[in-house]
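Here the structure comes first, spelled out in structure tokens, and everything after it is commentary.
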Amino acid sequence: MKKCIKDFKVVENQRLHPLYSLLRLTPVDGTKLDGVKPGQFVQVAIDKSKNTYLRRPISINNVIEETNELWLLVRKAGDGTASLMETPEGEIVNLILPLGNEFNVTDKNKRVLLIGGGVGVAPMLLLGKKLKSMGVTPDILIGARSKNDLLELDAFREIGNLHISTDDGSAGEHGVVTMHSVFMSQWDKFYCCGPSPMMKAVAAKARETGTDCEVSLENMMACGLGACLCCVEKTVKGNVCVCTEGPVFNINDLTW
Amino acid sequence: MVNLEVSIGNLKLKNPVLTASGTFGYGTEFSDFIDLDRLGGYIVKGTTLEPRQGNPYPRMVETPSGMLNAVGLQNKGVDYFIEHIYPTLSAFKSVPVVNVSGAKVEDYVRVCEKLAAETDIKAVEINISCPNVKQGGMAFGTTTHGASQVTKAVRAAFPGTVIVKLSPNVTDITEIAKAAESEGADAVSLINTLMGMAIDVEKRKPCLSTITGGLSGAAVRPVAVRMVWQTAKAVSIPVIGLGGIMNGRDALEFILAGATAIEVGTANFIDPAVTVKIVDYISEYCQRHGVADVNELIGAINR
């Protein structure tokens, strides 16, 4: 689909966790959601929060072609996302989409590890689905604080081999993601999205093992269109907009 | 049929709606959302003699009804603009205006000379009001001497329309406007951002890498309207109004305060199609009020 501003109806709002909602949306005018790529994001207008002025960038969690649904996994970060999480079913939200670049995928890499932490699991679902459709069964490593903070596990189990690590050891292996035994294996590629310290640790692991690695950044944005130049990341090419040249970057292009 | 055409110096705009520099990229970023040809014109991002990387991240923080930014004039420089961007602009009928910034008077002059020699750009907007650069920028815009110096030099270097963009971070903006007018500016545009600051109290850290930044968005609008009103009374050249225009109603507020044209800035971030809605609203407003020519509305407040 072409980049556009579009009204979506909330088909379902599932509260997965005190801090997370899964919004299932469909375009009011019935536009087909085709060609949305893993790693891309939307800019959501926040109308119901007095303290929110700008749109909020939210990464695309899933696209269901059969029902023409777009899924957004929303984490409460401040007033804007808190208000978005409360959007009742049937309400309209206005999105600009699809924005940003995409994860690079190829069926040549067979041993692929997707690593997600916190709300960073969101883009990994659509990415995993894409890989599976290409004949690559990915391994997925999800990190969380504890058992209760793990999200969308069933959906992830459907697309690949699921591994879990929790900070308190209440599910999966005990510790941060980079301590997980899955890293004992050889991998062709890492894809990672999560808190900055986690992505940096995964990037270090990738460099240590000579593994190709892409990460998805979420620098603070105003426009999402490459106009305001606020969300820049310092790269080997200088400051570039995360919204247009990212959010996905190969770690070789970053200065971490 | 309502006449929406306005003149800024020798520049004819088919309607009074322009875009504010630094909020609209080079225009092409918005062509998925609007027909650029429907705008009166668009002011492309601040261009400097040499490429600039701008300030470190974080450069932006949301504030009540607005945002602070500290981009710091990141751009690829005038030569890149002429070689790579300018040729793409010829596809559009709307008037492109280049916003020019510099650390020294000589920088402004050289950028304007290059634009005059190598392009058909008809107008420049001289930024003497950027609060986010260490040298030049706002320093020229906060004294009558600085404003005069830059305006005089640019006037001699650029044969087309010269618009001088003013800073609100002064005691009396009309004095700066008059200085620009007396040195040959064809118009003044105001306001650039208001200097502001925000602190993350949990981290006890400033929200911006540069500590202070420029406030824009709806929050600044009443300040901007007041300054446009004062300035329009003080000078006889056209005033271009900007500052927190979110919709057509807001645009008319500036025109009624004395602005000949308006610029839409931060609103582009929230609704990339807002500019054409503003054009439509102004036209519809004129019809509803029995106004045949938008020029009749300039400064036309009842008192």
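The values are calculated or read from the model by the stated rules, or taken from the named source; none is laboratory data. As the structure is a computational prediction, the values presented were derived from the model and not from experiment. Glycine gets a Cβ as well: all are built from the backbone with ideal geometry, and neighbour counts include every protein chain shown.
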Review point. Tell me, which residue of the stretch B:44-71 that is at the interface with another protein chain (Cβ under 7 Å from one of its Cβ atoms) and under 20 Å from the mean Cα position of the chain (by Cα) is nearest to A:Leu229 (Cα to Cα)?
Key: B:Val71
Point to revise | Residue that is surrounded by the most Cβ atoms within 10 Å (Cβ to Cβ) [pool: residues in the stretch B:91-123 that are closer than 24 Å to B:Met195 by Cβ and of a type in the set (Val, Ile, Thr)] | key: B:Val100
Exercise for review: Output the strands (runs of 3 or more DSSP E) that fall wholly within the stretch B:1-112 and possess 3 or more residues being under 30 Å from B:Cys286 (Cβ atoms) and without any contact (Cβ under 8 Å) to a residue 12 or more places away in the chain, or say none.
Suggested key: none
Point to revise | Checking B:Pro87 against (1) farther than 23 Å from B:Gly137 by Cβ; (2) in contact with a Cys (Cβ under 9 Å, 6 or more places away or on another chain), the condition it does not meet | key: (2)
Check your understanding: When only residues in the stretch B:270-296 that are without any contact (Cβ under 8 Å) to a residue 24 or more places away in the chain and either outside any helix (DSSP H, G or I) or closer than 26 Å to A:Thr52 by Cβ (or both) count, which is nearest to the other protein chains (Cβ to nearest Cβ)?
Key -> B:Asp271
Revision key, fill the gap. Listed by first then second residue, the pairs whose first member lies in the stretch A:229-253 and is in a loop (DSSP other than H, G, I, E, B), whose partner is basic (Lys, Arg), with beta carbons under 9 Å and at least 6 positions apart or on separate chains, are A:Leu229/B:Lys45; A:Leu229/B:Arg59; A:Cys230/B:Arg59; A:Cys231/B:Arg59
Review point. Are any residues in the stretch A:130-147 surrounded by 13 or more Cβ atoms within 10 Å (Cβ to Cβ) and either at positive phi or part of a helix (DSSP H, G or I) (or both), and if so, which ones?
Key: A:Lys130, A:Leu131, A:Lys132, A:Lys147
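Can you find, within the stretch A:1-13, the residue that is surrounded by the fewest Cβ atoms within 10 Å (Cβ to Cβ) among those that are within 14 Å of chain B (Cβ to nearest Cβ) and assigned to a strand (DSSP E or B)?
Looking only at the stretch A:1-13, we keep the residues that are within 14 Å of chain B (Cβ to nearest Cβ), and these are A:1-7.
Imposing the further condition that a residue be assigned to a strand (DSSP E or B) reduces the set to A:4-7.
Working: A:Cys4: 15, A:Ile5: 16, A:Lys6: 18, A:Asp7: 13.
Among those residues, the one meeting the criterion is A:Asp7.
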Exercise for review: Hey, can you tell me all the residues within the stretch B:30-43 that are more than 11 Å from every other protein chain (Cβ to nearest Cβ) and more than 15 Å from B:Ser189 (Cβ to Cβ)?
Suggested key: B:Asp35, B:Leu36, B:Asp37, B:Arg38, B:Leu39
Check your understanding: In the stretch B:73-86, is there at least one residue being under 17 Å from B:Val133 (Cβ atoms), out of contact with any strand residue (DSSP E or B) (no Cβ under 7 Å at 6 or more places or on another chain), at pLDDT 95 or above and facing chain A (nearest Cβ under 10 Å)?
Key -> yes
Study note, to complete from the structure: Of (1) in contact with a helix residue (DSSP H, G or I) (Cβ under 8 Å, 6 or more places away or on another chain); (2) crowded, with 17+ Cβ neighbours inside 10 Å; (3) within 8 Å of chain A (Cβ to nearest Cβ), B:Gly27 satisfies every one except (3)
Practice item. May I ask you to verify whether B:Val164 is assigned to a strand (DSSP E or B) and either without any contact (Cβ under 8 Å) to a residue 60 or more places away in the chain or within 14 Å of chain A (Cβ to nearest Cβ) (or both)? Key: yes
Study note, to complete from the structure: The lone condition B:Ile34 fails out of (1) at pLDDT below 95; (2) under 21 Å from A:Cys243 (Cα atoms) is (1)
Check your understanding: Under the condition of being within 12 Å of another protein chain (Cβ to nearest Cβ) and among the charged types (D, E, K, R), which residue from the stretch A:233-256 is nearest to A:Ala122 (Cα to Cα)?
Key -> A:Glu233
**Study point:** Checklist (1) within 14 Å of chain A (Cβ to nearest Cβ); (2) within 21 Å of B:Asp293 (Cβ to Cβ) applied to B:Ile237, failing item
**Key:** (1)
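Given the options A:Cys193, A:Cys230, A:Cys213, name the one that is within 7 Å of chain B (Cβ to nearest Cβ), at pLDDT 95 or above and under 16 Å from A:Gly246 (Cα atoms). Steps first, please.
Values: A:Cys193 fails: within 7 Å of chain B (Cβ to nearest Cβ); A:Cys213 fails: within 7 Å of chain B (Cβ to nearest Cβ).
Result: A:Cys230 is the single residue among A:Cys193, A:Cys230, A:Cys213 that is within 7 Å of chain B (Cβ to nearest Cβ), at pLDDT 95 or above and under 16 Å from A:Gly246 (Cα atoms).
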Check your understanding: Within the stretch B:197-209, is there a residue that is farther than 19 Å from B:Pro131 by Cβ and buried (at least 21 other Cβ atoms within 10 Å of the Cβ)?
Key -> no
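Return the residues of the stretch A:163-188 that are part of a strand (DSSP E or B) and either surrounded by fewer than 19 Cβ atoms within 10 Å (Cβ to Cβ) or out of contact with any Asp or Glu (no Cβ under 9 Å at 6 or more places or on another chain) (or both); say none if nothing qualifies.
Initial filter on the stretch A:163-188 (part of a strand (DSSP E or B)): A:163-166, A:173-174.
Residues satisfying the conditions are A:Glu173, A:His174.
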Review point. What number goes with the only condition from (1) of a type in the set (A, V, I, L, M); (2) within 14 Å of chain B (Cβ to nearest Cβ); (3) under 20 Å from A:Lys37 (Cβ atoms) that A:Val136 does not pass?
Key: (2)
Revision key, fill the gap. Within the stretch A:216-227, restricting to residues that are within 17 Å of the chain's Cα centre (by Cα) and crowded, with 19+ Cβ neighbours inside 10 Å, the one that is farthest from the other protein chains (Cβ to nearest Cβ) is A:Ser216
Review point. For the stretch A:47-69, which residues satisfy the criterion of being under 13 Å from the mean Cα position of the chain (by Cα) and over 17 Å from A:His17 (Cα atoms)?
Key: A:Pro57, A:Ile58, A:Ser59, A:Ile60, A:Asn62, A:Val63
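Yes/no matrix, rows are residues, columns are (1) in contact (Cβ under 8 Å) with a residue 40 or more places away in the chain; (2) among the acidic types (Asp, Glu); (3) within 12 Å of chain B (Cβ to nearest Cβ); (4) under 26 Å from B:Ser31 (Cα atoms):
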| site | (1), (2), (3), (4) |
| --- | --- |
| A:Arg15 | yes, no, no, no |
| A:Gly30 | no, no, no, yes |
| A:Arg56 | no, no, yes, yes |
| A:Lys76 | yes, no, no, no |
| A:Asp79 | no, yes, yes, no |
Practice item. Restrict the check to the stretch A:160-179 and report whether at least one residue is away from chain B (no Cβ under 13 Å), free of Cβ contacts under 8 Å to residues at least 40 places away in the same chain, within 22 Å of B:Val71 (Cβ to Cβ) and over 18 Å from the mean Cα position of the chain (by Cα). Key: no
Review point. Any idea how many residues of the stretch A:35-54 are touching a residue at least 40 places away in the same chain (Cβ under 8 Å) and within 10 Å of another protein chain (Cβ to nearest Cβ)?
Key: 3
